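What follows is one structure encoded as structure tokens, with my remarks underneath.
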Amino acid sequence: MTTPLPLLGDSATPPAAPIVPLAHLDDLWFQVGGTLCNLECKHCFISCSPHNHSFGFLGLESVRSALEASVPLGVKEYYFTGGEPFLNRDMVAILELTLQYGPATVLTNGTVFKDEWLERLRKAEAASPYSLEFRVSIDGFSSEENDPIRGPGTFERAMKGARQLVAHGFLPIITVARTRDDQDDAALFDGFVKVLKANGYPRPRLKILPTLRLGAEIERQRGYASDERVTPEMMAGFDEGLLICNHSRIVTDRGVFVCPILIEAPDARLGATLEGSLGPYALRHHACYTCYQYGTICSNASAGPREA
Ligand code: SF4
Ligand code: SF4
């Protein structure tokens with residue numbers, strides 16, 4: 001179990017933080033894989049690993065209860081994350097169930113798929129009016145770029161996962177963390193497109209993301225500077241809808257939290273139930289600054305930096 005990190009930063013009395021209301025609960029997230037992962041990436045913002053049991057798996061019945069509770073609240077879409085969701089033995093059944101309620105997206109490292117699971121999911125999606133999306137994390141278009149971050153052999157394993165998805169008729173979104181400040185996004189994009197096409201994915205979908213300076217990323221690069229915060233003045237004219245806390249919540253085995261980024265922050269736990277977690281939230285954490293800068297970092301759309 002990891003020790004929760006001091007997400008607020010070094011200031012004992014943080015300055016006033018802007019309050020963001022929940023406009024409507026459009027998206028419901030599930031920390032379905034807890035903090036357990038078969039990998040131990042050097043930039044993982046919640047330091048997931050094969051040994052991190054800080055958050056546990058969500059079972060099929062817990063997800064079923066939350067799905068039922070989500071219907072009267074008007075939830076439109078469902079997202080699944082971890083840790084690695086496919087380490088959860090209920091994961092395929094959970095996605096099959098979710099496709100009876102709405103569109104589902106699962107965030108995965110793509111390294112543990114079994115063809116029989118993908119076959120079942122292909123059938124579940126075909127029988128559903130809703131879509132099933134896979135987001136597969138790969139952090140460079142070669143082993144040399146990816147493996148120092150995600151671990152030896154992970155590039156080849158994730159590419160195999162992407163090929164498995166394509167072979168089963170899915171069009172995975174490849175999510176790429178911007179692991180260097182001087183990274184050239186255009187070169188990254190072009191390099192990925194070339195490699196993915198060579199792997200049989202003719203029209204690849206890519207999402208380039210900033211890293212969050214939390215968890216393992218603090219040691220790999222750095223944590224947040226004390227002035228990297230969102231202030232009430234910065235929110236003037238800003239579209240709150242770009243922040244997922246404006247339209248989402250996340251269910252974990254320890255209650256409902258404001259967003260997938262802050263599950264280790266005790267003040268981000270809003271309640272035991274969905275209905276009790278619909279209040280506003282103050283953007284007092286440094287990580288909120290990354291959301292402010294990039295927006296949409298948790299959605300399926302691509303995330304680019306805001307103009308200064
Ligand atoms: S970044 Fe994703 S794949 Fe890597 S350790 Fe964290 S949860 Fe696992
Ligand atoms: S980290 Fe991002 S999504 Fe979470 S509360 Fe802060 S701004 Fe909202």
Legend entry - Restricting segment 195-243 to residues that are in contact with a strand residue (DSSP E or B) (Cβ under 7 Å, 6 or more places away or on another chain) and under 25 Å from Leu278 (Cβ atoms), the residue that is surrounded by the fewest Cβ atoms within 10 Å (Cβ to Cβ): Glu240
Inset, instruction - Check segment 183-194 and report whether any residue there is of a type in the set (Phe, Trp, Tyr), surrounded by 19 or more Cβ atoms within 10 Å (Cβ to Cβ) and modelled with pLDDT of 90 or more. - result: yes
Legend entry - Output for segment 143-182, where each listed residue is open to solvent by 20 Å² or more (accessible area, probe 1.4 Å) and at positive phi: Gly153, Gly169
Inset, instruction - Spot the failing condition for Asp115; the list is (1) closer than 28 Å to Phe55 by Cα; (2) within 16 Å of ligand 1 (Cβ to nearest atom), and only one is missed. - result: (2)
Legend entry - Only listed residue being more than 14 Å from ligand 2 (Cβ to nearest atom), in contact with a Phe, Trp or Tyr (Cβ under 8 Å, 6 or more places away or on another chain) and under 29 Å from Gly59 (Cβ atoms), chosen from Ala216, Ala272: Ala216
Legend entry - segment 210-238 residues that are touching a residue at least 60 places away in the same chain (Cβ under 8 Å), paired with ones that are in a helix (DSSP H, G or I) and among the charged types (D, E, K, R) (beta carbon under 7 Å, 6 or more apart): Thr211/Glu217
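The values are calculated or read from the model by the stated rules, or taken from the named source; none is laboratory data. Given the structure is predicted, the values throughout are model-derived calculations rather than measurements. In this analysis, Cβ positions are derived from the backbone assuming ideal geometry, glycine residues included, and neighbour counts consider all displayed protein chains. Note: accessible area is taken over every heavy atom of the protein model, side chains too, but ligands, DNA and RNA are not part of it. Shrake-Rupley method; radii C 1.70, N 1.55, O 1.52, S 1.80 Å.
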